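The values are calculated or read from the model by the stated rules, or taken from the named source; none is laboratory data. It should be emphasised that the depicted structure is a prediction, and the values quoted were computed from it without experimental measurement. Cβ sites come from the backbone with ideal geometry, for glycine too, and all protein chains shown count toward neighbours. Side chains included, ligands, DNA and RNA excluded: accessible areas come from the protein's heavy atoms. Shrake-Rupley method; radii C 1.70, N 1.55, O 1.52, S 1.80 Å.
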Amino acid sequence: MLNGKHIILGITGGIAAYKSALLVRLLIKRGAEVQVVMTPSAKEFITPVTLSALTGKPVVSEFFTANTGEWHSHVDLGLWADAMVIAPATACTIGKMANGVADNMLVTTYLSAKAPVFVAPAMDLDMMAHPSTTRNLELLRSYGNHIIEPAAGELASHLVGRGRMEEPENIVRVLEDFFTVSSRLAGKKVMITAGPTYERIDPVRFIGNFSTGKMGYALADAAARAGADVTVVSGPVSVRPEESSVKVVAVESARQMADSCTEIFPQADIAIMCAAVADYAPAVAYDRKLKRESSESMTLELHRNPDIAAMLGKIKRDDQMLVGFALETDSEEFNARRKMESKNLDMIVLNSLAVPGAGFATDTNAVSVFFADGRPTADIPLMSKADVARNIISLL
């Protein structure tokens, strides 16, 4: 999938820069054309001569060539690239990228890039864990950048912890996965449900749940970045898609969501049912606020809401894919697989509240994905919801 791709490799001043030579070699072996852009301090760790010999191109580091005055256009580079990879990305460069400090050729190229950007952090464990680094990486994610999470292991300080740049082979695999998904989802219509539903009791009270919509919107952004035409049918949430191409259909109740989904689904190639839909709704929604003083107790009669995934499973065509989500607290795999079969799903994503940092109202998640065609279970460990979403979209 990298054959003929134009890749900008940004190299910053960290000890992991020695791995860049192998990364260049792997990219070129897969048919990519690589242009290296280095920060001045990166040249203290690996020479431009080495990288130029591997790429067959002069390395770009300064805004112009000192002896000839030849201008290096960061704008032209940004337009040329199919992807930009910054590996290693030091805390300094991550901070500059996050805050638009365009004082070197690498950051100005990044700010001009029209293509997807992949960032592979590399630093000591305390720097990696510092709140400023965490904030800057979250900012980069919010801009639509792909963060290739660092590994844990022995670091340059001889301490052991999280901060090792991901190995070049795995960085190449991330790029290949991205372009594979992009080629397969280009032009596909994807419908995603997100957030909770609110079932009104009266004008000021409702039955709902703790869903924030973060996972559904992360899936929408990941699918849009992979080239899909994405529509989100969303319950009441405060989050918004980062990708401007994502269309949002706002609903409140389960029945409203069901109506929108049944209207949109026949035109969709893929539907991902990520919303936390209320199972029951009050039989009567009062048009005036119920007064507490009128009674010592209250009894609500609840009626079952439509099962939207099951409804779509009954009308799903052979050329459509239907993906469900399950949140279980016991017999997790058994219940998830049973739902997949009974609702005619092609895939089901299992969330578990037993994993700290996963589930509702968090920025991270850990899931297991089961397939109706018998493929082995895919376990996605705890990581940002943006990265979980990218992995789920890859599995499609």
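Please determine whether any residue of the stretch 13-21 is closer than 23 Å to residue 163 by Cβ, free of Cβ contacts under 8 Å to residues at least 40 places away in the same chain and crowded, with 16+ Cβ neighbours inside 10 Å.
First, the residues of the stretch 13-21 that are closer than 23 Å to residue 163 by Cβ: 13-21.
Narrowing the set further to residues that are free of Cβ contacts under 8 Å to residues at least 40 places away in the same chain leaves 18, 21.
Then drop every residue that is not crowded, with 16+ Cβ neighbours inside 10 Å, which leaves 21.
Taking every residue of the stretch 13-21 in turn, at least one turns out to be closer than 23 Å to residue 163 by Cβ, free of Cβ contacts under 8 Å to residues at least 40 places away in the same chain and crowded, with 16+ Cβ neighbours inside 10 Å.
Out of the residues in the stretch 57-79 meeting the condition of being buried (at least 18 other Cβ atoms within 10 Å of the Cβ) and either assigned to a helix (DSSP H, G or I) or modelled with pLDDT of 95 or more (or both), tell me which one is farthest from the chain's Cα centre (by Cα).
Here the residue is 74.
What number of residues within the stretch 265-305 are among the β-branched types (Val, Ile, Thr) and open to solvent by 40 Å² or more (accessible area, probe 1.4 Å)?
Step one: list which residues in the stretch 265-305 are among the β-branched types (Val, Ile, Thr), which gives 270, 272, 277, 284, 299.
So of that shortlist, the ones also open to solvent by 40 Å² or more (accessible area, probe 1.4 Å) come out as 277, 284, 299.
Residues flagged as among the β-branched types (Val, Ile, Thr) and open to solvent by 40 Å² or more (accessible area, probe 1.4 Å) within the stretch 265-305 amount to 3.
Give the residues of the stretch 161-175 that are more than 21 Å from residue 137 (Cβ to Cβ) and open to solvent by 50 Å² or more (accessible area, probe 1.4 Å), sorted by residue number.
169
Report yes if residue 183 is closer than 30 Å to residue 319 by Cβ and open to solvent by 30 Å² or more (accessible area, probe 1.4 Å), otherwise no. Before the answer, list the steps.
Working: closer than 30 Å to residue 319 by Cβ: yes; open to solvent by 30 Å² or more (accessible area, probe 1.4 Å): yes.
Considered against the rule, which asks whether it is closer than 30 Å to residue 319 by Cβ and open to solvent by 30 Å² or more (accessible area, probe 1.4 Å), residue 183 comes out as yes.
Only one of 87, 152, 156 is in a strand (DSSP E or B), open to solvent by 30 Å² or more (accessible area, probe 1.4 Å) and in contact (Cβ under 8 Å) with a residue 12 or more places away in the chain. Can you tell me which? So that I can check it myself, show each step before the final result.
Numbers: 87 fails: open to solvent by 30 Å² or more (accessible area, probe 1.4 Å); 156 fails: in a strand (DSSP E or B).
Being in a strand (DSSP E or B), open to solvent by 30 Å² or more (accessible area, probe 1.4 Å) and in contact (Cβ under 8 Å) with a residue 12 or more places away in the chain holds for just one of 87, 152, 156, which is 152.
Residue pairs, Cβ under 8 Å, 6 or more apart or interchain, first in the stretch 130-144 and within 17 Å of residue 225 (Cβ to Cβ) and open to solvent by 30 Å² or more (accessible area, probe 1.4 Å), second of a type in the set (Phe, Trp, Tyr) and part of a helix (DSSP H, G or I). List them.
none
Would you say residue 386 is small (Gly, Ala, Ser), surrounded by fewer than 16 Cβ atoms within 10 Å (Cβ to Cβ), under 25 Å from residue 183 (Cα atoms) and in contact (Cβ under 8 Å) with a residue 24 or more places away in the chain? So that I can check it myself, show each step before the final result.
Details: small (Gly, Ala, Ser): yes; surrounded by fewer than 16 Cβ atoms within 10 Å (Cβ to Cβ): no; under 25 Å from residue 183 (Cα atoms): yes; in contact (Cβ under 8 Å) with a residue 24 or more places away in the chain: yes.
No.
If we keep just the residues of the stretch 246-263 that are open to solvent by 40 Å² or more (accessible area, probe 1.4 Å) and of a type in the set (A, V, I, L, M, F, W, C), which is farthest from residue 393 (Cα to Cα)? Steps first, please.
Here is the first cut: in the stretch 246-263, the ones open to solvent by 40 Å² or more (accessible area, probe 1.4 Å) are 247-250, 252, 255-256, 259, 262-263.
After this cut, where a residue has to be of a type in the set (A, V, I, L, M, F, W, C) as well, the list is 248-250.
Values: 248: 19, 249: 21, 250: 23 Å.
Residue satisfying both the conditions and the ranking: 250.
Collect the residues in the stretch 125-144 that are of a type in the set (S, T, N, Q) and modelled with pLDDT of 90 or more, keeping them in residue-number order. Spell out how you get there, then give the answer.
Initially, the stretch 125-144 is screened for residues of a type in the set (S, T, N, Q), giving 132-134, 136, 142.
Across the stretch 125-144, the qualifying residues are 132, 133, 134, 136.
Among 353, 312, 327, which is open to solvent by less than 10 Å² (accessible area, probe 1.4 Å) and more than 28 Å from residue 176 (Cβ to Cβ)?
312
Scan the stretch 197-222 and report the pairs whose first residue is of a type outside the set (A, V, I, L, M, F, W, C) and surrounded by fewer than 19 Cβ atoms within 10 Å (Cβ to Cβ) and whose second residue is modelled with pLDDT of 95 or more and assigned to a loop (DSSP other than H, G, I, E, B), with Cβ atoms within less than 6 Å and a gap of 6+ or a chain change.
Every condition considered, the pairs that remain are 208/198.
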